[in-house]
Amino acid sequence: MIDGYGRSINYLRLAVTDRCNLRCHYCMPEEGINYIPRKELLSYEEMLRLVKLLANQDVHKLRITGGEPFVRKDLIHFLEAVRHQTNVQSLNITTNGTLCKPYLDTIEKLQFNSINLSLDTLDKDRFFQIARREGYDEVMDVLDAFSLMDTHLKINMVVMADSNLEDIIPMALLAKEKDIAVRFIEEMPFNGGTHRDKQNIWDHKDINKHLEKEFGPLQATDTKHGATATTYKVKDFKGQIGIIPAYSRTFCGLCNRLRITAKGVLKTCLYDDGVFDLKGFMRNGANDEDLLLAVKSALLHKAKDGFQAEHNRSGNKLMESMSTIGG
């Protein structure tokens, strides 16, 4: 799977739902968004077909996203099918952790290569202010449970100048005692049209400067090809810290991924507005050869970077919720 710039595409991010039980203000309005009717979602059978097809084309890394994946009924059975019935080599998931406790034993048995836990504060009151829902205690319990599993745990914190700057250092210190990665992410505009004030937005340089005031000069470690985070090893830390320039988009040149939304739309870039309706194509009888041809054709027109993808959008407006586009 090669795009028009010669980049090898080996990583699929698959959204299993657009629904979420939280209402984080950087992602969606307090009243929520207009969710996709269930019949318009990809079925588990359709998703498994796509995963098998792409895994056989050397798309060997899969990340399950949402919305919140565990909102969708019977997700755990789909995950077991992916693990045991496909050629996926690296199985990963992103979750807010609030609904994971009943499934911890099965999650451990699935042996995820990595689990990304979305957590924007270590303060219970600020958790409610940001998420506009309860769930802090459940997330803290799940954080402890995940940290004991034989998986690479990553904490993802969206940095918001008006909400959680005081949490940056305490969050980073989680990696001092635990062999985990704590990553700080630039806030993106995918907030469902809530029109948040972006004048004081912190970019990767601001985050880096803030961390260096506390920990001294940060020395970047070697990162994997296609990684979005620049990772740093801090003296006496068991784990690592990282910064993801998600809005600055400095990592686009090495992009190795594609996305499929819960509605079955192929996205070759987070910032495009969808390039092909895979669900409709399948439901109209497309065979596997047709599907592969469609994906490969779309990849040949993949944007050079996120800025070009944004420019090419219909109307050129970023109004979706991150929950809708799959993170």
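Measure off, as a whole percent, the carbon and sulfur share of the 1.4 Å-probe accessible area of the chain, all protein chains present.
Looking at the chain in its full context, I get 47 percent from C and S.
What is the gain in length, in nm to one decimal, between ASN21 and THR250 on full extension, counting 0.36 nm per residue of separation less the C-alpha to C-alpha distance?
Stretched out fully, the ASN21 to THR250 stretch lengthens by 79.3 nm.
Please go through the residue pairs LYS109/LYS267; LYS61/LYS296; LYS61/LYS101; LYS52/LYS267 and name each one whose alpha carbons sit more than 20 Å apart in this structure.
Flagged as over cut-off: LYS109/LYS267; LYS61/LYS101.
Could you check what % of the DSSP bridge pairs in the chain are antiparallel, to the nearest 5?
So the antiparallel bridges amount to about 25 percent of the total.
In degrees from 0 to 90, rounded to the nearest 10, what is the angle of the helix 44-55 Cα long axis to the longest principal axis of the chain?
90 degrees
Dipole of region 28-116, Cα-centred, from +1 at each Lys and Arg C-beta and -1 at each Asp and Glu C-beta, to the nearest 20 debye?
It works out to roughly 220 debye.
In whole Hz, with x marking every Gly and Pro, tabulate ³J(HN,Hα) for region 218-232 from phi via Karplus 6.51 cos²θ - 1.76 cosθ + 1.60, θ = phi - 60°.
Residue by residue, region 218-232 yields 9, 9, 5, 8, 5, 10, 5, 4, x, 5, 8, 9, 8, 9, 9 Hz.
For TYR5, TYR11, TYR103, TYR136, what's the largest-to-smallest order of accessible area, 1.4 Å probe?
TYR5, TYR103, TYR136, TYR11
Within region 35-58, whose backbone N sits under 11 Å from a point 7 Å along Cα→Cβ of ARG283?
37-43
Residue separation times 0.36 nm, minus the C-alpha to C-alpha distance between GLU134 and GLU45: what's the value?
28.7 nm
Under a 1.4 angstrom probe, counting protein chains only, how are ASP120, ASP179 ranked by accessible area, largest first?
Ranked from most to least accessible, the order is ASP179, ASP120.
When the solvent-accessible surface of protein heavy atoms is calculated with a 1.4 angstrom probe, in what order do GLU80, GLU30, GLU68 fall, highest first?
Solvent-accessible surface, decreasing: GLU30, GLU80, GLU68.
Projecting each Cα onto the charge dipole of the chain (Lys/Arg +1, Asp/Glu -1 at the beta carbon, about the Cα centre), which of LEU75, MET171, CYS20 comes out farthest on the positive side?
Checked the options; the winner is LEU75.
What does the accessible area per residue of region 230-293 come to in Å², with a 1.4 Å probe and no ligands, DNA or RNA counted?
Value for region 230-293: 43 Å² per residue.
Per residue, how much accessible area does region 28-187 show when a 1.4 Å probe rolls over the protein heavy atoms, in square angstrom?
44 Å²
Under a plain spin-label model, where a point goes 7 Å from the Cα along Cα-to-Cβ, how far apart in nm are HIS84 and LEU53?
Placing both labels 7 Å beyond Cα along the Cβ direction yields 2.5 nm.
Just subtract the alpha-carbon distance of ASP144 and LYS304 from 0.36 nm times their residue separation and send over the number in nm, one decimal.
Between ASP144 and LYS304, full extension yields an extra 53.6 nm.
Select from LEU104, MET322, ASN287 the residue farthest towards the positive end of the dipole of the chain; place +1 on Cβ of Lys and Arg, -1 on Cβ of Asp and Glu, and compute about the Cα centre.
The one lying farthest along the dipole's positive direction is ASN287.
Per-residue accessible area for ARG19 at 1.4 Å probe radius, Å² rounded to 10?
60 Å²
When the dipole is taken about the Cα centre of region 127-187, and only Lys, Arg (+1) and Asp, Glu (-1) are charged at their Cβ, what size is it in debye, to the nearest 20?
Dipole about the Cα centre, nearest 20: 160 debye.
Going by alpha carbons, how many degrees (0 to 90, nearest 10) lie between the helix axis of 75-85 and the longest principal axis of the chain?
70 degrees
I want to check the label-to-label distance for ASN312 and HIS60. Put each point 7 Å from Cα in the C-beta direction and report it in nm to one decimal.
Placing both labels 7 Å beyond Cα along the Cβ direction yields 2.8 nm.
Which three extents, in whole angstrom, do the alpha-carbon atoms of region 1-41 cover along their principal axes, largest first?
43, 28, 15
Straight distance only, please: which lysines reach the Cα of LYS39 with their own Cα at less than 20 Å, same-chain residues fewer than 8 apart left out?
LYS73, LYS263, LYS279
Assign unit charges at the C-beta atoms only (+1 for Lys and Arg, -1 for Asp and Glu), then state the dipole size of the chain relative to its Cα centre in Debye, rounded to the nearest 20.
Approximately 740 debye in magnitude.
Using only Cα atoms, tell me the angle between helix 136-147 and the longest principal axis of the chain; keep it within 0 to 90° and round to the nearest 10.
Taking Cα atoms only, the helix is inclined about 80 degrees.
In whole Å, what is the distance between the alpha-carbon centres of region 107-121 and region 198-234?
22 Å
The values are calculated or read from the model by the stated rules, or taken from the named source; none is laboratory data. It should be emphasised that the depicted structure is a prediction, and the values quoted were computed from it without experimental measurement. As a convention, Cβ positions derive from the backbone with ideal geometry for all residues, glycine included, and neighbour counts pool all protein chains shown. Keep in mind that these areas ignore ligands, DNA and RNA; they rest on the heavy atoms of the full protein, side chains included. Shrake-Rupley method; radii C 1.70, N 1.55, O 1.52, S 1.80 Å.
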